[in-house]
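Undergrad: Structure provided below as structure tokens; questions to follow.
The values are calculated or read from the model by the stated rules, or taken from the named source; none is laboratory data. Source: prediction; values computed, not measured. Here the Cβ positions follow ideal geometry from the backbone for every residue, glycine too, while neighbour counts run over all protein chains shown. What goes into the accessible areas is simple: the full protein's heavy atoms, side chains included, and nothing from ligands, DNA or RNA. Shrake-Rupley method; radii C 1.70, N 1.55, O 1.52, S 1.80 Å.
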Amino acid sequence: MVKKIGVLTSGGDAPGMNAAIRSVTRVALMNGVSVFGIRDGYKGLLEGNITQMERTDVSDILDRGGTKLGSARLPEFKESEIQDKCIANLEKHGIDALVVIGGDGSYRGAAALTEKGINCIGLPGTIDNDIPGTDFTIGFDTALRTCVENVDKLRDTSNSHHRASIVEVMGHHCGDLALYTALCCGAEMVITPETGYDEEEVLQRLEYLGDAVKKSHAIIIVTENVCDVDALATKVSNHTSFSGRATVLGHIQRGGSPTPIDRMLASRMGEKAVDLLMEGVGGHCVGIVDNEIISMPIQDALNSTARSRKKLYRLFDRLV
Ligand code: ADP
Ligand code: F6P
């Protein structure tokens, strides 16, 4: 029977991580299980930066972005000896199970610890929405709200100046943040890892929109790392009737108070993580599929094929 659980946040932070920490802590305490907060992800686990948490330690964080526990990346955590040192630190505190809130890299760490005897549950915390085994990740909805609010503002000024605004959003290798932003903002174009990038095609389309459709402005949403948005803006100014301007939204996408949807998601997922650990389950990740909270082995999730976004791209094409 699990008596003490640890909780940590790992990888890029995401709004709603605090709501997940709060949920894990309070549900565990309600079940008579002690909770230990581990600072800065696997780094804090290695350094033994571990503190017991009480109910009030998670007061007033539900509405806060970021993560109260801090987050970090520790590439050495892939090494078996480093994992053993972390396990020794957990054993020092008598911690027998762990909730890991992070992305797929963090999930791999959780799976490795489970194989070594510490039951771990992964919760999907990232703005990228790129984690297998769930329809949505904690933080995606809040980041989307930030993107939409900012692109709405850009549209105002873009409209006044006959401009094409090229907006780079995050997403790592996943186009969801760009696609959803483009749909919510009525963008003229979306460029993601899934669509690919053809500079000539983009310029021709803008020429058509400016000359034939007489559009006064255009918005193009781009996933990071797909193309150089500054270079594209220059090409747009030189080769179309629009003047091009690039905006990189950057890390503001990772901050802000979580939306009600993210708070709900994180609270439900945190509860599920504790329930699983109390049932003696380890090596699973939690997801939301068709609005049901589910879990599956981390390995199955990591081996599963990415969800198709065909219908959303078709919708974008129909609405543009
Ligand atoms: P995310 O969890 O958001 O995908 P990273 O890929 O940076 O972010 O992973 C976060 C941390 O998880 C890494 O810094 C490392 O400590 C750990 N990690 C990543 N990949 C592995 C792996 N294959 N095995 C064990 N731990 C890993
Ligand atoms: O995974 C979250 C994320 O914000 C990605 O969208 C982005 O590529 C990356 O993290 C940025 O990482 P850093 O915080 O190291 O700049």
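Undergrad: Please work out the Cα convex hull volume for region 76-212 and give it in Å³ per residue.
TA: Value for region 76-212: 137 Å³ per residue.
Undergrad: Could you give the radius of gyration (one decimal) and Dmax (whole number) of the Cα atoms in region 154-215, in Å?
TA: 12.4, 35
Undergrad: Still on this model: Helix check for the chain. Which DSSP H runs span at least 24 Å along their own axis by Cα, with a mean Kyte-Doolittle hydropathy no less than -1.0?
TA: The answer, listed by residue number, is 140-160, 260-278.
Undergrad: Among G287, V320, G255, whose Cα lies farthest out toward the positive end of the dipole of the chain, if unit charges sit on the beta carbon of Lys, Arg (+1) and Asp, Glu (-1)?
TA: With unit charges placed on the Cβ atoms, the residue in question is G255.
Undergrad: Of K215/K311; K215/K310; K3/K116; K272/K310, which sit over 22 Å apart, Cα to Cα? Walk me through the intermediate numbers first.
TA: On the way: K215/K311 26 Å; K215/K310 27 Å; K3/K116 18 Å; K272/K310 30 Å.
From the list (K215/K311; K215/K310; K3/K116; K272/K310), the Cα-Cα distance tops 22 Å for K215/K311; K215/K310; K272/K310.
Undergrad: Tell me which trypsin sites (Lys or Arg not before Pro) from region 149-254 have a DSSP coil assignment and no more than 12 other beta carbons within 10 Å of their own. Walk me through the intermediate numbers first.
TA: Values: sites: K153, R155, R163, R205, K214, K215, K235, R245, R254; in loops: K214, K215.
Sparse-neighbourhood loop trypsin sites (Lys or Arg not before Pro): K214.
Undergrad: Here's another thing I want to ask about it. Would you give the gap between the C-alpha center of region 183-253 and the C-alpha center of region 1-69, rounded to a whole Å?
TA: 41
Undergrad: Give me the percent relative contact order of region 247-320, please, defined on Cα pairs under 8 angstrom at least 6 residues apart.
TA: The normalised contact order for region 247-320 reaches 18 percent.
Undergrad: How would you rank 19-26, 37-44, highest first, on the average number of other Cβ atoms within 10 Å across their residues?
TA: Values: 19-26: 26.4, 37-44: 24.1.
Per-residue mean Cβ counts within 10 Å order the peptides as 19-26, 37-44.
Undergrad: Treat every Asp and Glu Cβ in the chain as -1 and every Lys and Arg Cβ as +1, leave all other atoms uncharged, and give the resulting dipole magnitude about the Cα centre to the nearest 20 debye.
TA: 600
Undergrad: Pop out the Kirkwood hydrodynamic radius of region 1-59 from its pairwise C-alpha distances, inverse of mean 1/r, in Å to one decimal. If you can, show how the numbers build up before the last one.
TA: Working: mean 1/r = 0.0851 Å⁻¹.
For region 1-59, the Kirkwood estimate is 11.8 Å.
Undergrad: In addition: Please quote Rg/Rh for the chain to two decimal places, taking the Kirkwood radius as Rh and restricting both calculations to Cα atoms.
TA: Details: Rg = 21.7 Å, Rh = 20.6 Å.
Reported Rg/Rh (Cα atoms, Kirkwood Rh): 1.05.
Undergrad: Given the Cα atoms of region 242-281, and with Rh set as the inverse mean 1/r over their pairs in the Kirkwood sense, what is Rg to Rh to two decimals?
TA: In region 242-281, Rg relative to Rh is 1.37.
Undergrad: Roughly speaking, to the nearest percent, how much of the chain's 1.4 Å accessible area is carbon and sulfur? Present the calculation step by step, with values, prior to reporting the outcome.
TA: Numbers: 6800 of 14070 Å².
Result for the chain: 48 percent of the exposed heavy-atom area is carbon or sulfur.
Undergrad: For q values of 0.14, 0.15, 0.16, 0.17 Å⁻¹, compute log₁₀ I(q)/I(0) with the Debye formula on a Cα-only model of region 1-151, without solvent.
TA: Reported log10 I(q)/I(0), two decimals: -0.63, -0.72, -0.81, -0.91.
Undergrad: Next up: Where the convex hull is taken over the Cα atoms of region 131-175, what is its projected area averaged over directions, in nm²?
TA: The directionally averaged projection comes out at 3.7 nm².
Undergrad: Can you list which of the GluC sites (Glu not before Pro) found in region 254-299 are DSSP loop residues with at most 13 other C-beta atoms within 10 Å?
TA: E279
Undergrad: Hey, can you find the accessible area per residue of the chain for me, probe 1.4 Å, expressed in square angstrom?
TA: 44
Undergrad: Calculate log10 I(q)/I(0) of region 140-255 for q = 0.15, 0.20 Å⁻¹, where I(q) comes from the Debye formula with a single equal point scatterer on each Cα and nothing for solvent.
TA: Normalising to I(0) and taking log10 leaves -0.57, -1.02.
Undergrad: Would you list which aspartates and glutamates come within 14 Å of K235, measuring only between C-alpha atoms, while excluding same-chain residues fewer than 8 positions from it?
TA: By straight Cα distance, K235 reaches D198, E199, E200, E201, E207.
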